[in-house]
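Step one of this worksheet: look at the structure below.
Bear in mind these aren't lab numbers, they're just calculated from the coordinates by the rules spelled out. Quick caveat: nothing in here was measured; it's all calculated off a predicted structure. Ideal geometry is used to build each Cβ from the backbone, glycine not excepted, and the neighbour counts take in all protein chains shown.
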């Protein structure tokens, strides 16, 4: 299958079983998605986060009451 260059920043390509993979310009894998558009969108989001830094993740705690 043919690779498509997106935004001069990464490639997307359809792989086995219809999945779409993105790779950076050096060929390192980034994202795998079900559709081409999802792959492009998720890769843009990932690269933006990698460039600008990801926001702090939130953690949640919970307790389950009762006897087992």
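Observations on the model:
- The simple spin-label model puts a point 7 Å past each Cα toward its Cβ; for residue 25 and residue 3 those points are separated by 1.2 nm.
- Distance from region 1-24 to region 28-68 (C-alpha centre basis), Å: 20
- Taking label positions 7 Å along the Cα-Cβ direction at both residue 45 and residue 61, the computed distance is 2.9 nm, reported to one decimal.
- Whether the chain is rounded, prolate or oblate, judged on the alpha carbon gyration tensor where a/c under 1.5 counts as rounded: oblate
- Normalised by the number of residues in region 4-52, the mean separation of alpha-carbon contacts (under 8 Å, six or more apart) gives a relative contact order of 26 percent.
- Theoretical ellipticity at 222 nm over the chain - DSSP helices of four or more residues, -39500 (n - 2.57) apiece, nearest 500: -8500 deg cm²/dmol
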